[in-house]
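Structure first, then comments.
Here, each number is a calculation from the coordinates, and none is a lab measurement. Please read all numbers here as calculations on a predicted model, not as lab measurements. In this analysis, Cβ positions are derived from the backbone assuming ideal geometry, glycine residues included, and neighbour counts consider all displayed protein chains.
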Amino acid sequence: MTNISFISTDNAPAAIGPYSQATQVGPFLYTSGQIALRPDGTLVEGDVVEQTHQVFANLKAILEQAGGTLSNVVKATVFIKDMNDFGKINEVYASYFGDHRPARSTVEVARLPKDVQVEIEVIAYLEQK
């Protein structure tokens with residue numbers, strides 16, 4: 001059986017429940033959903049664009065802790081509070097991924113933790129060390 005590793009970094013907010021920031025199984029890294037919390041746990045209360053930038057800062061920090069980058073992402077799941085914000089979120093999303101185009105699902109949900117406007121989780125493929 002492949003070993004399971006739990007990834008944690010102080011450069012992203014600590015988990016606010018009984019889970020880890022990310023779990024690695026073999027070459028695959030699964031992040032927990034990231035919301036607009038700063039590493040110190042304070043909430044970014046700005047608009048959906050500001051919140052999405054913070055989500056990506058958190059994802060990048062977790063990926064870096066595991067030895068990866070956004071270019072290792074193979075799948076993203078985006079949860080949004082209001083589908084009318086899809087275009088704004090999509091612009092920020094595209095600015096981080098550039099020409100890299102991982103598979104993605106986007107779902108409008110009734111409510112997110114701490115009443116944020118966006119949450120994103122990713123799956124990344126990391127080369128075996």
Could you give me the radius of gyration and the Dmax of the range 23-87, taking only the C-alpha atoms into account and expressing both in angstrom? 12.8, 38
Return a whole-number percent for the relative contact order of the chain, with Cα pairs under 8 Å and 6 or more residues apart as the contact set. 31
Kindly express, to the nearest 10 degrees and within the range 0 to 90, the angle between helix 86-97's C-alpha long axis and the longest C-alpha principal axis of the chain. 30
Using the Cβ atoms and a cut-off under 14 Å, what net charge is assigned to the surroundings of residue 94, where Lys and Arg are +1 and Asp and Glu are -1? +1
I want to check a number: in the chain, how many lysine pairs have alpha carbons closer than 21 Å, given a sequence separation of 8 or more or different chains? 6
Give the angle, between 0 and 90 degrees and rounded to the nearest 10, that separates the Cα long axis of helix 48-65 from the longest principal axis of the Cα atoms of the chain. 10
Working note, the chain: Cα radius of gyration (Å, one decimal) and Dmax (Å, whole number) are 13.9, 44
